[in-house]
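The values are calculated or read from the model by the stated rules, or taken from the named source; none is laboratory data. Nothing here was measured: the structure is a model prediction, and the numbers come from that model. As a convention, Cβ positions derive from the backbone with ideal geometry for all residues, glycine included, and neighbour counts pool all protein chains shown.
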Amino acid sequence: MDYKVKDMRLAEQGNLQLEWGALHMPALMEVRKGFEKNRPFRGYRISAILHVTKETGVLMRCLKAGGADIALAGGNPLSTQDDVAAALAKDGIRIYAWRGETVKEYDECAEKVLDFDPDIIIDDGGDLHTLAHKHKERIRAIGGTEETTSGINRERSMERHSILKYPIIAVNNAYTKYLFDNRYGTGQSTIDGIIRATNIFIPGKVVVVAGYGWVGRGVAMRMKGHGARVIVTEVDPFKALEANMDGFDVMPMDRAARLGDIFVTATGDMDVIVGKHMRNMRDGAILSNTGHFDVEVNVKELREMAVKHRKIRDHLEEYTLRNGKRLFLLAEGRIVNLGAAEGHPSEVMDLSFCNQALSALYLIENKGKLENKVYKIPDEVDRRIASIKLKAIGIGIDRLSERQKEYLGQWDFGT
Ligand SMILES: NC(=O)c1ccc[n+]([C@@H]2O[C@H](COP(=O)([O-])OP(=O)(O)OC[C@H]3O[C@@H](n4cnc5c(N)ncnc54)[C@H](O)[C@@H]3O)[C@@H](O)[C@H]2O)c1
């Protein structure tokens, strides 16, 4: 079996992590039971790029239990958990991932999983789908899935340019994904990453959150809960208004740059914090990004502006500017919750990965019936995931009576 991981001696620790993760992913374990019984992926190859965390490991084991043959690469040069990677290699998964890959190695790992000639391509960020489309003659995939907002932006662009060669299920756009993973998952794990990298005290700090989408909302809400004074920057008037009415200060980055102690970008956009902002920041300001790609804080400009650079400790670098101010960059400006912490907790990835598992199943069940478009996961699958999760955590809800259904569906009964 071909694989490349950091150290196979870590496999035992990886197994313990995977056990711990699975314990907190009851909904996915429920889906797995069906997969074990029906083996829907027997004879199918799945290639995936996902952050190699214990939660991803639980998903891989679930797909494998369903009969899939799997190749996996890490979602980011900094996000692989080497013990989990070793355990998955031992399971017989072709895994090419280790923490601290160079960008060239990251690309080579992506090539490797595509060489596996997949039927289904699971992606987080769109790198694998993009690569598959650059090797058009090689694609024979039934379809693919996409985990995150930034990936969907890229795949929708492929759809608009009529170059999409297979259908893609936008996992991110399920209610059971973005409402929980993007908001509460990132809300908690981003703060976790910032604290692990710095051990900074949050209460009383001025935290600038760039972007008030699902991720930004979660970060702003949880930072406020920690006692931070939160400033939001936005480009969308609706989101800006919403942030304002949620009780946050809203202003352009040009102003916020002067006020923040901690900056968190969460936009999926590039150049959100650039040199002109950095020059005006307070001495000691901390810069971090929780958007998918490392383009939100312009790290190249920061490096060029700096007269001195020191690594203070893991995931924390100091840059001294010509004006004497020291700025501190976390996780090289890469996704901080995965670079400096472990990503989202298992409980929330339980929902996201039920979506991945059931989207892969949906692609197989609808083989040949879908167009080369980006699809939202069907509502009934989304609802089913919410229902499985509620049941798994022991929460019951009311049901509409026939009379209520009739009332809600009528038009002629008012005041
Ligand atoms: N860290 C994680 O684990 C994690 C989890 C989920 C998503 N993500 C990533 O986080 C990013 C945001 O995802 P989302 O789901 O919140 O997207 P979203 O589309 O819901 O929100 C993005 C927001 O950023 C705003 N924005 C865009 N450009 C801006 C700019 N220059 N300045 C200020 N605001 C700007 C948009 O108006 C929008 O409101 C994406 O890159 C996504 O892939 C990361």
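Please go through the stretch 169-192 and pick out each residue that is assigned to a helix (DSSP H, G or I), over 17 Å from residue 208 (Cα atoms) and either of a type in the set (A, V, I, L, M, F, W, C) or near the ligand (Cβ under 10 Å from one of its atoms) (or both).
Residues of the stretch 169-192 that are assigned to a helix (DSSP H, G or I), as a first pass: 171-173, 175-192.
Checking which are over 17 Å from residue 208 (Cα atoms) leaves us with 171-173, 175-182, 184-185.
Answer for the stretch 169-192, where residues must be assigned to a helix (DSSP H, G or I), over 17 Å from residue 208 (Cα atoms) and either of a type in the set (A, V, I, L, M, F, W, C) or near the ligand (Cβ under 10 Å from one of its atoms) (or both): 171, 172, 173, 177, 178, 179, 180, 181, 182, 185.
Under 7 Å by Cβ, and 6 or more places apart or on different chains, what pairs join a residue from the stretch 168-181 that is at pLDDT 95 or above with one that is of a type in the set (A, V, I, L, M, F, W, C) and part of a strand (DSSP E or B)?
Hits for this filter: 168/374; 170/374.
Could you name every one of the strands (runs of 3 or more DSSP E) located completely within the stretch 263-354 that has at least 3 residues being crowded, with 22+ Cβ neighbours inside 10 Å and touching a residue at least 40 places away in the same chain (Cβ under 8 Å)?
Passing ranges, in order: 286-289, 326-330.
Among the residues of the stretch 152-163, is any away from the ligand (no atom under 16 Å from the Cβ) and crowded, with 23+ Cβ neighbours inside 10 Å?
Looking through the stretch 152-163, none of the residues is away from the ligand (no atom under 16 Å from the Cβ) and crowded, with 23+ Cβ neighbours inside 10 Å.
Of the residues 68, 85, 73, which single one is crowded, with 24+ Cβ neighbours inside 10 Å, closer than 23 Å to residue 366 by Cβ and in contact (Cβ under 8 Å) with a residue 24 or more places away in the chain? Please lay out each step first, then the result.
Details: 85 fails: closer than 23 Å to residue 366 by Cβ; 73 fails: closer than 23 Å to residue 366 by Cβ.
Answer to the check: 68.
This table checks each residue for (1) free of Cβ contacts under 8 Å to residues at least 24 places away in the same chain; (2) in contact with an Asp or Glu (Cβ under 9 Å, 6 or more places away or on another chain); (3) part of a helix (DSSP H, G or I); (4) not assigned by TED's automatic domain parsing to the domain that holds residue 366.
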{"site": "116", "(1), (2), (3), (4)": "no, yes, no, no"}
{"site": "121", "(1), (2), (3), (4)": "no, no, no, no"}
{"site": "137", "(1), (2), (3), (4)": "yes, no, yes, no"}
{"site": "144", "(1), (2), (3), (4)": "no, yes, no, no"}
{"site": "156", "(1), (2), (3), (4)": "no, no, yes, no"}
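Could you please find all residues in the stretch 312-365 being more than 30 Å from residue 388 (Cβ to Cβ) and acidic (Asp, Glu)? So that I can check it myself, show each step before the final result.
As a first pass, look at the stretch 312-365 and keep what is more than 30 Å from residue 388 (Cβ to Cβ): 312-334, 336, 339-340.
Listed by number, the residues that qualify are 314, 317, 318, 332.
Could you tell me whether residue 317 is within 12 Å of the ligand (Cβ to nearest atom), under 19 Å from residue 77 (Cβ atoms) and acidic (Asp, Glu)? Even if it seems obvious, please write down each step before you answer.
Numbers: within 12 Å of the ligand (Cβ to nearest atom): no; under 19 Å from residue 77 (Cβ atoms): yes; acidic (Asp, Glu): yes.
So residue 317 fails the test.
Being under 25 Å from residue 389 (Cα atoms), at pLDDT 95 or above and within 18 Å of the chain's Cα centre (by Cα): is that true of residue 23 here?
No: the conditions fail for residue 23.
Can you give me the number of residues within the stretch 230-262 that are over 20 Å from residue 333 (Cβ atoms), aliphatic (A, V, I, L, M) and in a helix (DSSP H, G or I)?
Adding up the residues that qualify gives 5.
Output the number of residues of the stretch 203-219 satisfying the condition of being within 21 Å of residue 278 (Cα to Cα) and either more than 14 Å from the ligand (Cβ to nearest atom) or part of a helix (DSSP H, G or I) (or both).
4
Take the conditions without any contact (Cβ under 8 Å) to a residue 12 or more places away in the chain and more than 27 Å from residue 314 (Cα to Cα) and apply them to residue 104. Does it pass? Break it down into steps so the answer makes sense when it comes.
Numbers: without any contact (Cβ under 8 Å) to a residue 12 or more places away in the chain: yes; more than 27 Å from residue 314 (Cα to Cα): no.
Here the answer is no, as residue 104 does not meet what is asked.
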